[in-house]
1. If you plug each phi of segment 60-66 into the Karplus form 6.51 cos²θ - 1.76 cosθ + 1.60 with θ = phi - 60°, what whole-Hz ³J(HN,Hα) values come out, in order, with x for Gly and Pro?
2. Could you give me the ³J(HN,Hα) list for segment 118-130, computed from phi with Karplus coefficients 6.51, -1.76, 1.60 and θ = phi - 60°, whole Hz, x at Gly and Pro?
3. Under the rule a/c < 1.5 gives rounded, and otherwise a/b versus b/c splits prolate from oblate, where does segment 79-228 land using the Cα gyration tensor?
4. Given only helices, namely DSSP H runs of n ≥ 4 each adding -39500 (n - 2.57), what is the per-residue ellipticity at 222 nm of the chain, to the nearest 500 deg cm²/dmol?
5. How much net charge surrounds Ala140 when only the other residues with a Cβ under 15 Å from the Cβ of Ala140 are counted, with Lys and Arg +1 and Asp and Glu -1?
6. Expected output is a single nm value to one decimal: the length gained when fully extending between Tyr323 and Ala54, i.e. 0.36 nm times separation in residues minus the C-alpha distance. What is it?
7. Accessible surface of Trp107 in the full protein assembly, 1.4 angstrom probe, to the nearest 10 Å²?
8. If we count every other residue with Cβ under 15 angstrom of Ser68's Cβ, Lys/Arg +1 and Asp/Glu -1, where does the sum land?
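The values are calculated or read from the model by the stated rules, or taken from the named source; none is laboratory data. Predicted model only: the values in this text are computed from it and were never measured. Positions of Cβ are backbone-derived with ideal geometry, glycine not excepted, and every protein chain shown enters the neighbour counts. The protein model used for the area step is the full one, side chains on, heavy atoms only, and it has no ligands, DNA or RNA in it. Shrake-Rupley method; radii C 1.70, N 1.55, O 1.52, S 1.80 Å.
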Amino acid sequence: MTRANAFLQRQLSRPGSSLLSLASGGLVLAILWAVADWFILSAVPPFADPAACAEATGACWPFWTEKSRFILFGTYPFEDQWRPMAVSLILLGLSIATGQMAVSGRWPDIRLFAGLWLSGMAASFVLMGGGVFGLAPVDANRWNGLPILLILSTIALALALPIGVLLALARYQTRHRLLHRAASAYVEIMRGVPMVTLLFVGVFVLPLTLPKGMAIDPIVAVLIALVFFHAAYFAEDVRSGLMALPAGQHEAASALGLGFWQTARLVLLPQAIERAMPALVNSTIGAYKDTSLVVILGLHDLSATARMAFSDVAWGNQALEAYVFVGVWFLLSCSYLSWIGRRLAARAAQGRKRSL
């Protein structure tokens with residue numbers, strides 16, 4: 001009772017704060033009730049007659065039952081949709097495993113880790129495209145939905161991060177001035193150009209630079225553009241971590257006779273990446289969501305297939321359900337990335353406390 005009385009006295013002594021807390025709590029409850037009412041209480045059951053959705057005030061679950069597979073895989077041949085499903089599971093599995101290893105700090109051999117990612121990337125394109133190992137060929141125009149989102153985001157980020165680290169090191173060092181200036185110019189140019197412009201350059205200009213008779217798939221062109229664009233942002237994140245390190249770290253490594261690359265690999269990068277982790281996680285989440293911009297180039301990612309799903313005359317009133325499906329996916333995946341970032345920040349803080 002003493003503790004409860006103390007809490008009550010604190011609240012009564014600050015009436016403005018108490019009223020704000022009550023108002024916030026009431027607003028949260030109202031939002032939760034509205035969401036529950038729309039999703040469950042006033043919703044049409046999953047296997048009910050779709051015609052009932054016209055009069056319902058809640059969610060149309062028959063739309064999700066009917067169209068969820070189309071939203072996920074688009075116009076990919078129905079009988080071969082196990083292939084985009086396998087690609088999605090491969091890339092999701094690699095991404096989740098990478099996140100868990102980052103949180104735990106237990107990394108496998110770097111060659112094994114890189115080999116797994118490269119194998120997963122190759123398997124993704126083989127499964128989606130077919131034409132080998134008895135798989136029926138499928139035109140890239142029919143690569144839709146979740147697999148395209150994951151291919152363009154996870155693969156682009158997996159390739160952009162090591163390039164960004166190299167750019168950060170090139171810009172951080174001052175011994176080779178030409179390399180330093182070239183890396184600085186590249187990073188500033190890429191950060192000064194809108195991503196949409198770079199995507200158009202990748203799809204419409206890059207093929208013109210190739211030798212006659214040589215062509216490049218639009219998906220590969222977009223992937224290349226995304227890799228080099230995001231690498232510039234990762235480079236600045238890592239460089240911020242490098243610049244935050246005390247000068248004595250580099251000097252102590254030099255005194256021990258370590259070369260630049262040994263110093264970077266053993267001393268500088270582990271600490272710099274740890275300090276830059278919040279910025280790296282933020283850049284990763286932003287890059288993951290910005291991948292949806294590829295829809296302006298005619299590539300049908302998850303948001304585009306959702307729009308195609310409610311473009312069907314029979315489901316023309318279910319635009320909200322379609323975008324809720326996409327929104328829930330991005331909310332869950334970005335929440336996982338945010339959780340990874342919080343765990344990494346907490347582990348870094350504990351490590352600093354132990355070192356004091």
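1. 9, 5, x, 5, 5, 4, 7
2. So the J values, rounded to whole Hz, are 5, 5, x, 5, 4, 4, 4, 6, 5, 5, 5, x, x.
3. Numbers: a/c = 2.30, a/b = 1.26, b/c = 1.83.
Since a/c reaches 1.5 but b/c is at least a/b, the shape of segment 79-228 is classed as oblate.
4. Numbers: 15 runs with 241 residues, N = 356.
Result for the chain: -22500 deg cm²/dmol, rounded to the nearest 500.
5. On the way: positive: Arg83, Arg142; negative: Asp80, Asp139, Asp217, Asp301.
Summing Lys/Arg as +1 and Asp/Glu as -1 gives -2.
6. 95.1 nm
7. Probe radius 1.4 Å; accessible area of Trp107 about 130 Å².
8. Working: positive: Lys67, Arg69, Arg307; negative: Glu66, Asp312, Glu321.
Neighbour charge sum, excluding Ser68 itself: 0.
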